[in-house]
Every structure is written in C-alpha cells, then in structure tokens.
Amino acid sequence: MDIKKYKKALDLVPLTTEEGLALYENAPLEELMFVADKLRQIHNPGKYAGWIIDRNVNITNICFSQCSFCNFCRRKGSPDAYITSIDDYRKKIDELISLGGDQLLLQGGMNPDLGLDFYSDLFRKLKELYPGLKLHALGPPEIVFLSKKDKLSYYDVLTRLIDAGLESLPGAGAEILSDRVRKIVSPAKASAGEWIGVMREAHRLNLPTSATMMYGHVETIAERIEHLVRIRDLQAEKQSEHYGFITFVPWPFQDEGTVLSEKFGIKSRYNGPDYLRLISISRIMLNNVKNIQASLLTVGKEIAMLSLNAGANDLGSMMIEENVVSAAGANYHFDADEIRSIIKEAGFEPQRRNQKYEPFL
C-alpha cells in the first residue's frame with residue numbers, strides 16, 4: 001500500500017504525473033477504489049448520485065474533420081448529409097419537454113458552410129421558441145473552427161454565442177490531450193493547446209464547462225495521466241468564484257466500423273477493471289474537480305454501478321437521442337426509471353440535477 005501517495009491525495013494535494021502513473025500501473029484496484037470513494041465523500045458528502053434528462057440533437061452531420069474514430073460524420077454532398085431544420089428541432093424539443101427535460105445538448109460536425117452567424121441565429125431562434133430551454137452546446141473544436149472561419153478571437157466567438165443563448169460548453173473533442181495522439185486519431189481537429197485555450201477563455205467568462213477523455217485506442221497510460229494533469233492545471237487557473245470544469249467524463253473508444261479499426265486494426269482496449277482504475281485515478285488526480293461522471297451509455301449497468309463506488313458521483317443522462325458513439329457500437333440505453341433504479345441498486349440515492357450539477361428544481 002502506497003500510504004504517502006494516498007495521504008497526499010486525501011489531503012487534496014496534487015499528485016505529480018509520475019506519482020499518478022505509478023499508482024495507475026502498480027496499485028491494487030481495490031485500494032484505488034477505496035481511496036477514490038473517500039475522496040468522492042470529501043467532494044460530495046453523503047450517498048447521492050446525480051443524473052439528468054437531456055437530449056443530444058446533432059446540428060449537422062457534415063464535417064471536414066473526418067476523425068478516424070468517428071462513424072457519424074459525412075462529407076458535403078453525401079446522400080445522407082443533413083442540417084437539422086427548425087421543424088425537426090421543434091419535434092425533438094417537444095418530446096424532450098414531454099419527458100420532463102429542459103436541456104438540449106447541441107453538437108455535430110464542423111460544416112464548412114456554417115459560420116458564427118448561423119449558430120447565433122439558431123440559438124436565438126430556439127430560445128425564442130422555448131425560453132426555458134437550456135443550451136449545452138458545441139465544444140472547443142467548434143469554437144476553434146468558428147474563430148478561424150470568422151477571423152475572431154475565442155473570446156469574441158464565445159461572447160457572441162453566450163449573448164445568443166449558450167449556457168454551458170461541453171468538453172467535446174478532448175479525446176486525449178496529446179498532439180502525438182491527435183495527429184493519429186483527429187489530425188484536422190483542434191490541437192491540445194487550442195482545446196485548452198478555448199476552455200481557458202470560457203473559464204474567464206465564467207461559462208460552465210465539462211472536461212472529457214475518449215481513451216483506449218493509441219494513447220499510452222502516461223498520456224492518460226498527462227491528460228488529467230492538463231485538466232487539473234487549467235482548473236487551478238480559474239477564479240475561485242467561477243465555474244470552471246464542473247465535471248470530468250471519461251469514456252472508452254467505441255471501435256465498431258471505424259477507420260481506426262477497419263483500416264489500421266486498432267481495437268478498443270476497454271475492459272471493466274481498467275475503466276474502474278481510470279475512474280479511481282481520475283478522482284485521485286483531479287483534486288480540484290468536484291464531479292466525476294461514469295459513462296453509463298458506453299460501459300453499461302454493472303460497471304457504472306461499480307464506478308459509483310470508485311469515485312464517480314454521477315451517471316449522466318438518460319440520453320433521449322445520441323448518434324455519435326452509438327454509430328460506433330455503444331448500445332446501452334436506459335430510461336429515467338432505470339437510471340434511478342441502477343443508482344439505488346449501487347447503494348446511492350438518485351439526485352436529478354442540471355448541467356451545473358445543482359439539484360433539479
């Protein structure tokens with residue numbers, strides 16, 4: 001048992017990259033889960049686990065990036081390419097509201113024909129039609145794309161979107177924050193430094209954000225730890241009263257039919273014990289991020305339940321609609337009653353929340 005490292009973590013002192021790597025590679029899983037659960041109790045006292053009702057609507061599936069892990073995107077002119085219409089938004093949002101939800105997760109491809117005016121007009125129209133709707137939309141790669149396309153700073157892009165109705169920024173497109181990895185899996189997308197740069201500006205503007213990790217492909221264990229350290233270091237820069245990263249969400253690479261799998265033979269390295277190890281290490285390394293979400297959509301019931309006893313305190317959304325990771329083989333779907341039941345079976349009390357991880361009122 002590595003008492004010194006565990007005590008340091010329990011005192012909320014940042015572990016070094018080397019210390020985190022040593023724990024990931026050598027510590028028994030049950031020890032990591034035990035320490036991570038203690039840390040979860042420090043950050044989130046009691047036995048509560050969060051969940052949310054939202055809907056993921058894809059603005060467009062046209063994307064120039066063509067990431068090698070993505071089956072969702074299409075090239076301009078493809079027979080099944082689309083841009084979602086306002087009538088479609090109405091139908092999808094009406095269904096969301098009928099199911100008790102009020103948040104729309106808006107993502108999709110980086111369509112070369114769609115600039116900042118398009119997104120600003122879309123957000124304003126949706127807020128005009130549904131004033132109570134919460135927009136959790138886009139992500140750092142889209143902000144980088146719009147910044148370059150419209151020749152504006154990240155600050156200007158974000159302030160225009162906030163003015164149009166953006167209320168929180170997903171951590172999409174983080175993958176692994178290593179340019180070595182990104183040159184292999186997403187060479188046309190924002191660099192690690194650009195992703196960090198957008199999030200730094202979002203934190204200065206006090207725009208709530210999340211951080212993510214898509215792992216289990218070409219990255220090393222050391223690069224996973226370095227990813228966590230980059231998130232932690234950026235979080236340490238934010239003003240104390242600002243939201244910063246509200247949550248961290250890791251999920252495993254889904255390989256079904258992807259270019260990474262079909263062309264390069266890279267299969268997902270996901271397995272349950274390693275996911276629990278990653279959840280635990282995330283809680284241990286991220287001493288300044290309050291919430292950690294287990295990816296129920298990609299890991300399923302049993303591993304998600306164990307994650308709640310390994311440092312996670314949230315199971316995410318019932319996800320009325322999801323098209324991106326599902327296109328690569330994520331096949332788990334749960335309704336609100338099932339999520340509440342899973343949380344209770346894991347020994348926790350379900351607590352429905354909003355994107356800021358505040359109790360849903």
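Brief remarks on what is shown
- Condition check for residue 244: at pLDDT below 95, closer than 20 Å to residue 286 by Cα and surrounded by 18 or more Cβ atoms within 10 Å (Cβ to Cβ): no
- Contact map, the range 97-119: first residue among the charged types (D, E, K, R), second residue in a loop (DSSP other than H, G, I, E, B), Cβ cut-off under 6 Å, separation 6 or more or different chains; pairs are 102/132.
- Residues (closer than 16 Å to residue 57 by Cα, at pLDDT 90 or above and open to solvent by 10 Å² or more (accessible area, probe 1.4 Å)) located in the range 105-117: 105
- For the range 313-341, the set of residues classified as aliphatic (A, V, I, L, M) and modelled with pLDDT of 95 or more consists of 315 only.
- Set side by side, the residues 134, 189 differ, and just one is open to solvent by 10 Å² or more (accessible area, probe 1.4 Å), in contact with a Gly (Cβ under 8 Å, 6 or more places away or on another chain) and in contact (Cβ under 8 Å) with a residue 40 or more places away in the chain, which is 189.
- Test result for residue 145, of a type in the set (Phe, Trp, Tyr) and more than 20 Å from the chain's Cα centre (by Cα): no
- If only residues of the range 93-112 that are of a type in the set (D, E, K, R) and in a helix (DSSP H, G or I) are counted, the one that is nearest to residue 133 (Cα to Cα) is 94.
- None of 175, 128, 167, 95 is among the acidic types (Asp, Glu) and buried (at least 21 other Cβ atoms within 10 Å of the Cβ) except 175.
- Yes/no for residue 161 being surrounded by 17 or more Cβ atoms within 10 Å (Cβ to Cβ) and more than 18 Å from the chain's Cα centre (by Cα): yes
- Reported count of residues in the range 143-158, each being within 27 Å of residue 132 (Cα to Cα) and open to solvent by less than 20 Å² (accessible area, probe 1.4 Å), is 4.
- Being surrounded by 16 or more Cβ atoms within 10 Å (Cβ to Cβ), farther than 22 Å from residue 247 by Cβ and touching a His at 6+ places or on another chain (Cβ under 7 Å) is a property that does not hold for residue 218.
- Qualifying residue in the range 124-131 (condition: at pLDDT 95 or above and hydrophobic (A, V, I, L, M, F, W, C)): yes
- Top-ranked residue of the range 291-305 - restricted to ones that are touching a strand residue (DSSP E or B) at 6+ places or on another chain (Cβ under 6 Å) and of a type outside the set (Gly, Ala, Ser), ranked as modelled with the lowest pLDDT: 298
- Among residues of the range 346-361 that are within 18 Å of residue 307 (Cα to Cα), those with a Cβ under 7 angstrom from a residue that is basic (Lys, Arg), sequence gap 6+ or separate chain, pair up as 347/47; 348/47; 349/47; 350/340; 350/344.
- Condition met for residue 173 (in contact with a Phe, Trp or Tyr (Cβ under 7 Å, 6 or more places away or on another chain) and either polar (S, T, N, Q) or within 26 Å of residue 224 (Cβ to Cβ) (or both)): yes
- Of all residues in the range 208-244, those that are part of a loop (DSSP other than H, G, I, E, B), without any contact (Cβ under 8 Å) to a residue 60 or more places away in the chain and farther than 24 Å from residue 357 by Cβ total 4.
The values are calculated or read from the model by the stated rules, or taken from the named source; none is laboratory data. None of the values given here were measured: they were computed from a predicted structure. Glycine gets a Cβ as well: all are built from the backbone with ideal geometry, and neighbour counts include every protein chain shown. The area values use the complete protein model at the heavy-atom level, side chains included, leaving out ligands, DNA and RNA. Shrake-Rupley method; radii C 1.70, N 1.55, O 1.52, S 1.80 Å.
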